[in-house]
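A short write-up of the structure that comes next.
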Amino acid sequence: MRRRWRDSGARQDLIIALGLCGLMWLAGVSFWLWNGETVPWDSKNQFYAFFRFLSDSLHAGRSFFWNPYHFGGHPAIADPQSLIFSPPFLLWAWLDQEPSIQAFDILVFLHVLVGGAGIVLMGWRAGWPTAASLLSASLYMLGGAASARLQHTGIIVCYALFPPALLLLEIVVERGSKAAGLGFAVVASMIILGRNQVALMLCLVLAVLGLRMVFSAPHPLALLRQRAGLLAAILIGIIAMTAVPLLLTMQLAKLSNRPTVALADALQASLHPANLASMFAPNVFGALNTDGSYWGPGSTTVPEVSATDDSFNYMFVGVVPVVLLSWLGIAGRRLLAKGNRVWLVLLTGALAFAVGRYTPLYAFVFEDVPGFSYFRRPIDAAFIVDLAIAIISGALLTTYVRDGLPKVTRWPATLALAVIAAVMLAAIGVGRISGHGWATAAALAKSVVMMALVVGVLAAGQRYAARSPAAIVLAVIAVAELIHSNAASPLNAQARADYRVIEQASAEDAKALAILEREIEQRHRDGARPRVEIIGLGGPWQNLSMVRKLEVTTGYNPLRIGIYDRYVSPGEANAFSDERTFPATFSGYDCALARALGLEYVVLDRPLEKLPHLKKIPRADVLLAGPRIWIYRLKGAAPRVKFAANMEVADLDLRIARGDVGREPSDDVAVIDDETPPSRFQNPRSRSQARGKARLVRWAPDRVEVEAEAPVAGVVVLNDIFYPGWIAEVDGKPKNILRADALFRAVEVTAGRHRIVFRFAPLSRANLTSAVKGLLGRGSDDPNAEPSY
């Protein structure tokens with residue numbers, strides 16, 4: 001790399017390539033910025049909301065480890081979506097107290113640019129012509145899943161960091177650079193801390209490519225001996241940076257609403273083979289139609305892949321790479337060249353994994369390779385498909401410039417044509433199921449015309465002097481196709497105004513929020529901590545609580561604390577009223593558990609009496625009656641803390657499993673789970689009639705202080721979610737936390753006056769030790785765990 005940099009011509013080529021990459025990136029990003037659009041859905045409803053919580057916490061000088069504004073309380077430090085362990089987001093949050101939606105998008109887009117620049121550097125280092133580097137970078141930044149799933153911020157960040165990680169790894173292996181080793185350790189750790197399936201697969205790809213670098217060297221064993229110390233230091237550094245966050249995430253996963261995923265459910269998110277047609281025909285199933293008329297594989301056409309949708313199934317990379325792969329790669333057998341073989345294996349393996357139920361590979365990996373059973377989408381491998389296609393396309397175009405067109409042999413050419421024809425027929429078959437066979441055929445016909453154009457350009461470059469211009473034309477065609485179809489498409493762009501409630505609410509939304517916040521502010525002055533439930537107002541409202549600092553019973557997140565999810569059943573689709581169901585344990589807004597949670601306000605898109613699945617209308621005052629937003633103040637909400645002179649001990653989870661909701665929580669009795677037994681137990685037949693007092697004296701997201709006074713011994717119950725990592729002190733001395741009244745934290749106290757402090761300390765030695773034991777299956781008696789019945 002240093003030798004190439006010293007070459008003024010090579011240095012100039014790199015500067016030009018990076019400049020063109022930047023211009024290409026800017027051209028794509030401008031479609032969002034100029035049109036007033038934003039990356040929608042999860043990007044804003046989930047990741048941006050977490051980002052605002054992070055920023056607000058930093059500027060308020062508060063801990064951001066525990067998020068009280070999400071599903072009754074949530075361990076943000078353990079949640080992969082929280083962005084806590086992403087240094088760029090953490091730095092921006094520290095600098096910007098109220099980062100805008102546009103600022104968030106730009107930060108994500110900058111990650112994508114880093115990925116593209118990394119591809120350019122890799123191509124330059126390998127001696128690729130500028131056109132090949134730009135083709136590869138454009139495919140990486142804008143191709144397939146990278147564009148269609150731009151909303152999945154955590155995945156996109158990991159994916160964008162892969163090229164710099166691979167580049168640094170190459171330098172480490174080749175030159176033994178300590179600086180590159182440090183850089184690789186940091187970047188690889190950032191990928192790992194994404195803690196998603198794509199991050200896991202990218203790490204495996206890095207491992208495979210690293211081994212290939214070593215064993216393709218002239219003297220691999222000697223090279224390993226030379227690099228052993230540096231590689232060991234890198235590994236130790238990565239473990240040091242990632243071990244604790246990974247441990248906490250695995251602790252949450254074990255105690256979550258989905259500690260395991262069934263193979264049958266995961267297979268619902270398989271990539272149907274017909275979707276491969278979208279690689280070269282972007283609108284083959286109507287995914288780019290603005291009216292949402294998608295007719296590709298999904299619940300209505302192919303039920304066995306019902307967990308996929310238009311964004312998951314979109315694979316468009318353009319006709320240029322498809323022609324290069326089929327003609328130069330397969331028919332011309334250049335995929336078998338030394339530098340391409342490893343990428344061919346990765347491409348083939350990723351495709352076999354992505355199609356899930358249609359090959360045996362996914363089931364084997366899911367059941368026998370550690371880590372994969374935590375995840376539920378074989379289609380995530382589409383990102384690895386994009387990566388492999390980007391690298392292979394750059395390499396094939398480079399070979400074309402140097403050596404021209406390959407000699408085509410009969411059987412490989414037949415295979416290439418047969419694969420394309422089979423994919424097209426499968427697509428037409430799926431189109432016919434929904435009555436769109438002709439529309440599918442028309443989209444495919446357009447792509448065939450484009451393929452003929454690309455074939456003509458390649459054929460015109462037979463002479464050596466014409467190859468570089470032909471490569472430039474092909475790169476321009478590829479970039480134009482990708483920007484036209486994938487930049488700010490219906491799959492990754494939505495009007496920014498649709499999310500204005502998160503930034504600057506409209507007059508109607510502002511009025512509703514002002515009413516709600518005035519009420520809550522008054523309750524805070526009264527010493528209360530009321531909770532709110534928000535239902536039916538659309539995606540941007542789902543996690544608005546993090547921006548407005550509202551303690552809510554709902555939210556939007558596929559990962560939730562298990563006991564809370566089982567007892568309250570908030571779901572993750574509270575954007576829609578009909579998705580709110582009421583289990584026996586949370587039968588309505590006036591049930592015992594709702595009152596114990598301190599649920600005092602309900603915000604709806606309709607009158608309370610018209611809420612589906614709500615069997616009993618609670619007593620409530622109407623604070624706002626439409627026309628779009630209804631706000632109710634419920635009666636009878638319990639205080640956040642109570643003193644109970646009496647205890648009952650029961651297996652709460654078993655009681656629920658048997659359909660016995662049990663006695664309602666009351667002021668003078670606390671029901672303690674038998675897995676956190678108290679030191680003393682009072683027979684329920686001889687209950688004390690003594691009354692004590694408990695009041696909240698100080699509240700912060702990760703620290704709650706309570707004063708209690710009672711004539712007899714008993715328990716102080718804090719109606720906040722029971723979760724490991726919380727510790728308690730009574731008058732400055734550590735005290736065990738009990739699980740009380742199904743969901744809450746409690747401590748035993750003696751008669752007299754006491755000061756109780758609850759603190760969230762997830763990094764404490766006790767919690768980390770407990771998490772390790774839980775994962776090893778030793779001493780794992782945590783009541784949050786799924787019951788064994």
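The values are calculated or read from the model by the stated rules, or taken from the named source; none is laboratory data. These numbers were taken from a predicted model, which means no experiment stands behind them. Cβ: placed from backbone, ideal geometry, glycine included. Neighbour counts: every protein chain shown. In case anyone asks, the SASA skips ligands and DNA or RNA and just uses the protein heavy atoms, side chains included. Shrake-Rupley method; radii C 1.70, N 1.55, O 1.52, S 1.80 Å.
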Return the pairs, sorted by first residue and then second, in which the second residue is part of a helix (DSSP H, G or I), the first residue lies in the stretch 754-774 and is more than 26 Å from ALA710 (Cβ to Cβ), the beta carbons are less than 6 Å apart, and the residues are 6+ apart or on different chains.
-> PRO762/ILE77; PRO762/LEU248; ALA771/LEU247; ALA771/GLN251
Hey, among ASN646, ASN683, which residue is surrounded by fewer than 16 Cβ atoms within 10 Å (Cβ to Cβ), polar (S, T, N, Q) and at pLDDT below 95?
-> ASN683
Positions within the stretch 194-205 being part of a helix (DSSP H, G or I) and surrounded by 18 or more Cβ atoms within 10 Å (Cβ to Cβ), in sequence order = GLN197, VAL198, ALA199, LEU200, MET201, LEU202, CYS203, VAL205
Restricting attention to the stretch 174-188, the residues that are in contact (Cβ under 8 Å) with a residue 40 or more places away in the chain and assigned to a loop (DSSP other than H, G, I, E, B) number exactly 1
Starting from the stretch 729-746, keep only residues that are free of Cβ contacts under 8 Å to residues at least 24 places away in the same chain, then list their pairs with residues that are in a strand (DSSP E or B) and buried (at least 18 other Cβ atoms within 10 Å of the Cβ) whose Cβ atoms are within a distance under 6 Å, requiring at least 6 positions of separation or different chains.
-> LYS735/ALA728; LYS735/VAL747
Which of (1) of a type in the set (Ser, Thr, Tyr); (2) more than 17 Å from LEU491 (Cα to Cα); (3) out of contact with any Asp or Glu (no Cβ under 8 Å at 6 or more places or on another chain) does SER311 not meet, given it meets every other one?
-> (2)
Sort out which residues of the stretch 520-540 are farther than 13 Å from LEU599 by Cα, of a type outside the set (A, V, I, L, M, F, W, C) and open to solvent by less than 50 Å² (accessible area, probe 1.4 Å), and write them in order of number.
-> GLY527, GLY536, GLY538, GLY539, PRO540
Please list, ordered by first then second residue, the pairs with beta carbon atoms under 9 Å, 6 or more apart or interchain, first in the stretch 656-675 and closer than 14 Å to ALA746 by Cβ, second at pLDDT below 65 and of a type in the set (D, E, K, R).
-> VAL669/ARG663; VAL671/ARG663; GLU675/ASP781; GLU675/ASP782
Given (1) part of a helix (DSSP H, G or I); (2) farther than 30 Å from ARG531 by Cβ; (3) not small (Gly, Ala, Ser), TRP128 misses just (1)
Does at least one position in the stretch 341-352 carry a residue that is of a type outside the set (Ser, Thr, Tyr) and under 23 Å from PRO558 (Cα atoms)?
-> no
Tally the residues that are open to solvent by 20 Å² or more (accessible area, probe 1.4 Å) and hydrophobic (A, V, I, L, M, F, W, C), restricting the search to the stretch 296-320.
-> 2
So which of PHE50, PHE31, PHE65 is at negative phi and crowded, with 23+ Cβ neighbours inside 10 Å?
-> PHE50
Within the stretch 323-381, how many residues turn out to be outside any helix (DSSP H, G or I) and either open to solvent by 30 Å² or more (accessible area, probe 1.4 Å) or at pLDDT 95 or above (or both)?
-> 11
Pairs, please: C-beta under 9 Å, at least 6 apart or cross-chain, first residue among the hydroxyl-bearing types (Ser, Thr, Tyr) and in the stretch 284-297, second part of a loop (DSSP other than H, G, I, E, B)?
-> THR290/PRO490; SER293/GLY286; SER293/HIS436; TYR294/PHE285; TYR294/GLY286; TYR294/ALA287; TYR294/ASP309
Of the residues GLY144, GLY118, which is touching a Pro at 6+ places or on another chain (Cβ under 9 Å), open to solvent by less than 10 Å² (accessible area, probe 1.4 Å) and not β-branched (Val, Ile, Thr)?
-> GLY118
Taking the stretch 96-111 on its own, how many of its residues are open to solvent by 20 Å² or more (accessible area, probe 1.4 Å) and assigned to a helix (DSSP H, G or I)?
-> 3
Does SER468 satisfy the condition of being among the small types (Gly, Ala, Ser), assigned to a helix (DSSP H, G or I), surrounded by fewer than 21 Cβ atoms within 10 Å (Cβ to Cβ) and touching a residue at least 60 places away in the same chain (Cβ under 8 Å)?
-> yes
Given the residues TYR632, TYR723, which is the only one that is modelled with pLDDT of 90 or more, aromatic (Phe, Trp, Tyr) and either at positive phi or not in a strand (DSSP E or B) (or both)?
-> TYR723
Of the candidates PRO412, PRO406, the one satisfying the condition of being in a loop (DSSP other than H, G, I, E, B) and at pLDDT 95 or above is PRO406
Would you call ILE191 out of contact with any strand residue (DSSP E or B) (no Cβ under 9 Å at 6 or more places or on another chain), in a helix (DSSP H, G or I) and open to solvent by 10 Å² or more (accessible area, probe 1.4 Å)?
-> no
Report yes if VAL173 is farther than 16 Å from GLY118 by Cβ and either at pLDDT 95 or above or open to solvent by less than 20 Å² (accessible area, probe 1.4 Å) (or both), otherwise no.
-> yes
Residue list for the stretch 269-290, restricted to those being part of a helix (DSSP H, G or I) and crowded, with 20+ Cβ neighbours inside 10 Å | ALA269, ALA274, ASN275, LEU276, ALA277, SER278, MET279
Of the residues in the stretch 250-262, how many are assigned to a helix (DSSP H, G or I), of a type outside the set (Lys, Arg) and open to solvent by 20 Å² or more (accessible area, probe 1.4 Å)?
-> 1
Across the stretch 307-322, what is the number of residues that are of a type in the set (S, T, N, Q) and either modelled with pLDDT under 95 or on the phi > 0 side of the Ramachandran plot (or both)?
-> 0
Which residue out of ILE171, ILE238 is over 30 Å from PHE312 (Cα atoms), in contact (Cβ under 8 Å) with a residue 40 or more places away in the chain, part of a helix (DSSP H, G or I) and under 29 Å from the mean Cα position of the chain (by Cα)?
-> ILE238
The lone exception for ASN492 - which of (1) in contact with a Leu (Cβ under 6 Å, 6 or more places away or on another chain); (2) open to solvent by 20 Å² or more (accessible area, probe 1.4 Å) it fails = (2)
Test: ASN574 is touching a helix residue (DSSP H, G or I) at 6+ places or on another chain (Cβ under 9 Å) and modelled with pLDDT of 95 or more | no
Of the residues GLY22, GLY28, GLY72, which is out of contact with any Cys (no Cβ under 8 Å at 6 or more places or on another chain) and in a loop (DSSP other than H, G, I, E, B)?
-> GLY72
Could you say whether any residue in the stretch 87-95 is surrounded by fewer than 23 Cβ atoms within 10 Å (Cβ to Cβ) and farther than 28 Å from LEU387 by Cβ?
-> yes
